[in-house]
Amino acid sequence: MKNAWLYEFWRLSKYIIPALFLGWIFEAQNLFLFIALILFIAHQFKQFSKVYKWLGHSLDSDIEVNGMWEELVYRIYRKRKRSRNRKKNLSNMLRRFQDSVSMMPDAAIVLDAENNILWLNPSAKQILFLSSNDIGNNIGNLIRLPSFVNFLKRSEDGEAFEMNSPWDEKQSWDCRLMPYGDGQRLLLIRNITQVQRLKVMRQEFVANVSHELRTPLTVIMGYLETLQDVDDLSVEEIKQQLSKISAPTQRMNQIVADLLLLSRLDLNVSTGLTECPWLDMQVMLLMLKKDGEQLSQGKHKITLINKNITKVKAIESEIYSAISNLISNAIRYSPDGGEIVIETFLDKNGYRISVSDHGLGIAVQHISRLTERFYRVDAGRSREVGGTGLGLAIVNQILRRHDATLEIKSEIGKGSTFSCLFPLSRIQSTESTK
Ligand code: ADP
């Protein structure tokens with residue numbers, strides 16, 4: 001800065017010294033001094049106008065000034081650069097924030113103090129069926145539920161408020177209101193339908209397990225009390241009482257075993273199975289047919305139709321358990337003398353193993369629920385034939401782990417067909433698929 005002032009003095013003297021000299025020669029010192037000062041001021045004006053123009057242009061545009069003007073330009077340049085960087089950082093931050101809020105699966109809406117919409121993210125458009133045209137409108141006029149309007153009146157404490165979607169009663173929302181910026185509020189709405197459903201499923205599951213275990217337990221306790229109360233039972237009578245305990249004990253054991261298997265399958269159902277050996281289906285199906293015949297004890301005719309020489313990429317014990325479950329159901333829910341057919345098909349849609357029976361059949365309203373845990377068409381009959389209500393849930397989980405699906409076709413009084421459908425990616429066949 002000091003140099004800048006010195007430079008200006010030097011420049012002023014460049015005007016004054018010649019003026020003094022000329023004034024001395026022409027004996028008109030005042031006039032020449034006046035002219036020199038006018039020229040100096042004109043020069044300063046020129047510099048000033050350059051700086052003024054430069055301020056209107058971009059920061060990196062060129063400017064040629066000197067002396068104190070150069071120093072001034074340098075200081076302004078530094079300040080402008082710092083503020084430009086700050087602005088850049090700020091807008092980057094804002095963009096990053098808006099990007100992340102836009103990617104959020106939850107609806108985010110910025111409201112002013114009167115609940116007018118200032119900004120909304122794409123999820124808000126999806127969940128609340130809003131559009132950019134709604135910006136400026138009052139949210140209370142768009143979602144007209146009194147409970148929601150009351151919620152908007154509350155202070156923005158971030159406390160959760162649960163409500164059903166005004167457009168679909170089955171959809172549940174979790175709403176929160178938080179202070180945001182200057183007198184504004186951020187409204188967050190999350191779709192919690194899935195979470196609620198899982199909560200209900202968990203409660204139902206616990207209730208079902210308790211109920212299923214309590215029934216055989218009550219029977220066991222009944223027999224044990226009888227044994228305790230009566231003193232003079234013969235060994236034969238004690239043996240008889242104890243044998244009655246055996247069936248409910250086995251039943252409880254079977255329920256616990258099925259539950260453990262299900263929880264093991266649940267643990268890694270989402271990861272799927274890629275590293276599996278190739279399983280020879282011909283060998284396995286013959287074994288399954290034999291097991292079925294043993295279970296039926298000659299009461300049913302079991303036929304195997306397997307024209308395809310196929311290998312499936314799968315875990316042997318799991319696929320065995322799934323198909324054996326279907327065969328066992330076909331036997332248990334078919335009258336004596338009925339025919340059960342195990343058949344395979346291979347085409348461009350994949351590989352299908354189906355188990356058909358001519359048994360009771362299932363009414364259409366039950367079919368979509370059969371793979372639910374503990375779901376039974378006729379609970380009494382299922383218990384009678386030793387069912388736990390978990391068999392098809394296990395089959396379904398095993399198939400999901402193998403990228404396969406369970407297809408159920410049934411007609412009351414005519415019979416049922418349960419089919420396992422494997423994708424071609426899990427199949428190795430010597431025949432070409434048509
Ligand atoms: P369960 O142990 O009771 O057999 P599952 O999960 O294997 O349980 O089957 C669920 C219900 O589906 C059964 O209770 C039964 O009502 C019905 N079901 C399953 N397979 C058949 C079938 N082949 N024929 C008729 N009903 C069946």
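General observations
- One Cα centroid belongs to the stretch 133-205, the other to the stretch 382-411; the line between them spans 38 Å.
- Net charge, E204 excluded, C-beta distance under 13 Å - Lys, Arg +1, Asp, Glu -1: +3
- Loop exposure criterion: GluC sites (Glu not before Pro), DSSP state outside H, G, I, E and B, at most 11 other Cβ atoms within 10 Å. Applied to the chain, the longest stretch between such sites is 276-430.
- The charge dipole of the stretch 2-96, taken about the Cα centre with unit charges on the Cβ atoms of Lys, Arg (+1) and Asp, Glu (-1), comes to about 1280 debye, rounded to the nearest 20.
- Measuring nothing but how far apart in sequence close Cα pairs (under 8 Å, 6+ apart) lie, relative to its length, the chain scores a relative contact order of 9 percent.
- Gaussian network model of the chain, Cα within-10 Å springs - most flexible of Q126, Q47, Q203: Q47
- Distance in nm between pseudo-label sites at L6 and Q297 (7 Å out along the Cβ direction from Cα): 11.9
- q = 0.19, 0.21, 0.22, 0.24 Å⁻¹, the stretch 197-268: log10 I(q)/I(0) [Debye, one scatterer per Cα]: -0.82, -0.92, -0.97, -1.06
- In nm, spacing of pseudo-spin labels at E204 and N85 (7 Å Cα→C-beta vector): 6.1
- Dividing the convex hull volume of the alpha carbon atoms of the stretch 104-191 by its residue count gives 85 Å³ per residue.
- Between N66 and F48, residue separation times 0.36 nm minus the direct Cα-Cα distance comes to 5.4 nm.
- q = 0.11, 0.13 Å⁻¹, the stretch 278-429: log10 I(q)/I(0) [Debye, one scatterer per Cα]: -0.39, -0.55
- Translational diffusion of the chain, µm² s⁻¹ [Kirkwood Rh, Cα pairs; Stokes-Einstein; 10 °C; 1.306 mPa s]: 52
- Charge dipole of the chain about the Cα centre (unit charges at C-beta), most positive-ward option of P105, V149, L33: L33
- Relative contact order for the stretch 278-429: 26 percent, from Cα pairs under 8 Å spaced at least 6 residues apart, divided by residue count.
- Using the Cβ-Cβ distance between E316 and K409 with R0 = 25 Å, the FRET efficiency computed as 1/(1 + (r/R0)^6) comes to roughly 0.40.
- Over 19 Å (Cα to Cα) - which of K53/K79; K301/K414; K125/K153 fall in this group: K125/K153
- Taking θ as phi - 60° and the Karplus parameters 6.51, -1.76 and 1.60, the scalar couplings of the stretch 304-312 work out to 10, 10, 10, 8, 9, 8, 10, 10, 10 Hz in sequence order, x denoting glycine and proline.
- Inter-label distance for Q171 and Q184, nm, one decimal - labels placed 7 Å from Cα along Cα-to-Cβ: 2.5
- The charge dipole of the chain, taken about the Cα centre with unit charges on the Cβ atoms of Lys, Arg (+1) and Asp, Glu (-1), comes to about 2400 debye, rounded to the nearest 20.
- Linear extension gain, Q282 paired with K153, 0.36 nm per residue minus alpha-carbon span: 39.5 nm
- Helix 316-332 axis, angle to the chain major axis (alpha carbon atoms, nearest 10°): 50
- Extension gain, K125 to L242, is 35.5 nm, computed as 0.36 nm per intervening residue step minus the present C-alpha separation.
Values quoted throughout were computed directly from the atomic coordinates according to the rules given, and no laboratory measurement underlies them. Keep in mind that what you see is a predicted model, and the values were worked out from it rather than measured. Cβ atoms come from the backbone with ideal geometry, glycine included; neighbour counts cover every protein chain shown.
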